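Derivation of every value follows stated rules applied to the coordinates shown; laboratory data play no part. Everything numeric here is computed off the predicted structure, so don't read it as measured data. Reconstructed Cβ throughout: ideal geometry from the backbone, glycine too, with neighbour counts over all protein chains shown.
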Amino acid sequence: MTNMWTVLVILLVVWAVLAVTGFAINGLLWLAIIGVILFVGTLIFGFVRNRSRRDHLRP
């Protein structure tokens, strides 16, 4: 389970950097939009995955 969270955190950092870069450079607004979408998607994936694992562990 720790490996999954490590990958998710790394992905979140990469998406955040893409979004900031896209907003900082005017011509790359599309990069910011993609970064934000991927960031939110990764967060949702992590929360859903964590919740499903937690539900399976309950007696």
Nearest 10 degrees, 0 to 90: what angle lies between the long axis of helix 2-24 and the longest principal axis of the chain (Cα atoms)?
-> 20
What's the angle, to the nearest 10 degrees (0 to 90), between helix 29-57's Cα axis and the longest principal axis of the chain?
-> 0
Expressed as a whole percent, how much of the Cα-Cα distance distribution for region 2-52 exceeds 18 Å?
-> 35
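Just want to confirm a number: the relative contact order over the chain, from Cα pairs under 8 angstrom separated by 6+ residues, in percent. Working shown, then result.
On the way: 40 pairs, mean separation 18.1, N = 59.
RCO, the chain: 31 percent.
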Based on the Cβ-Cβ distance of Val7 and Ile33, what FRET efficiency does E = 1/(1 + (r/R0)^6) give at R0 = 22 Å, to the nearest 0.05?
-> 0.45
